[in-house]
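Every read-out reported here was derived from the displayed coordinates using simple, explicitly stated rules and does not represent laboratory data. Please read these numbers as outputs of a predicted model, since none were measured by experiment. Cβ atoms come from the backbone with ideal geometry, glycine included; neighbour counts cover every protein chain shown.
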Amino acid sequence: MTTRLYLTPGGVERLRRRIAATRAAYQAICDDNPAALESGDTSGWHDNFAFEENQRQMHQLSRQVRELETLLGRAAVVPLPGVVEERVILGSRARWRFLDEAVARASWISGWDDGDPDRGRVSYNSPIGAALVGAEPGEERELRTAGTLRKIEVLDVEVVDPAEDVCADA
């Protein structure tokens, strides 16, 4: 049985863009094969580093396309919540802090492997996402980060603006 992976609408679009970019990179390598074949020793492909490197990259990129397409096939789209939930869920933003620090942080929970810490987005399958999902405001959870067990406290849960989900990042 295949496990479903959950993505927001923007997460599905980012995944589709990753697939398209990987396919384009694969095609660029394929298009370079004739030049790579001619650039090295013409007695055979086994003495031609450029051609061998192209072949290695082609195999790597084709594997990435298959893996990404498998993820897309397993994906279920979950709409962003329109109202504030009592618990942290996919598509909500949690304000939280480490108990040993005074600084509050905000992270919105995105879909499978769709995190981007620079944008404040953490995937639910990341360590911080897994610790936050299901927590209520005031609840403490444990999180293992960099080999250290730390406690976090969820301060509150907010609705994410849908415009943040469809941002143009890949």
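Key figures
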item: Over the chain: helical MRE at 222 nm, DSSP H runs n ≥ 4 each giving -39500 (n - 2.57), nearest 500; result: -13000 deg cm²/dmol
item: Under the Karplus curve 6.51 cos²θ - 1.76 cosθ + 1.60, θ = phi - 60°, whole-Hz ³J(HN,Hα) for the stretch 54-60, x wherever Gly or Pro sits; result: 4, 4, 4, 5, 4, 5, 5
item: Under-5 Å amide H pairs with D156, H placed in peptide plane, nonlocal only; result: R95
item: Within the stretch 47-74: backbone nitrogen closer than 19 Å to the A28 label point (7 Å, Cα to C-beta); result: 50-66, 68
item: Beta bridges per DSSP with both ends in the chain, % antiparallel, nearest 5; result: 75
item: Mean separation of Cα contacts under 8 Å (6+ apart) over length of the stretch 1-101, as relative contact order %; result: 38
item: Signed unit charges on C-beta, dipole axis of the chain, positive-most listed residue P137, A36, I152; result: P137
item: Which labelled figure in (i) 17.9; (ii) 19.1; (iii) 18.4 is Kirkwood radius over Cα pairs in Å, once derived from the coordinates; result: (iii)
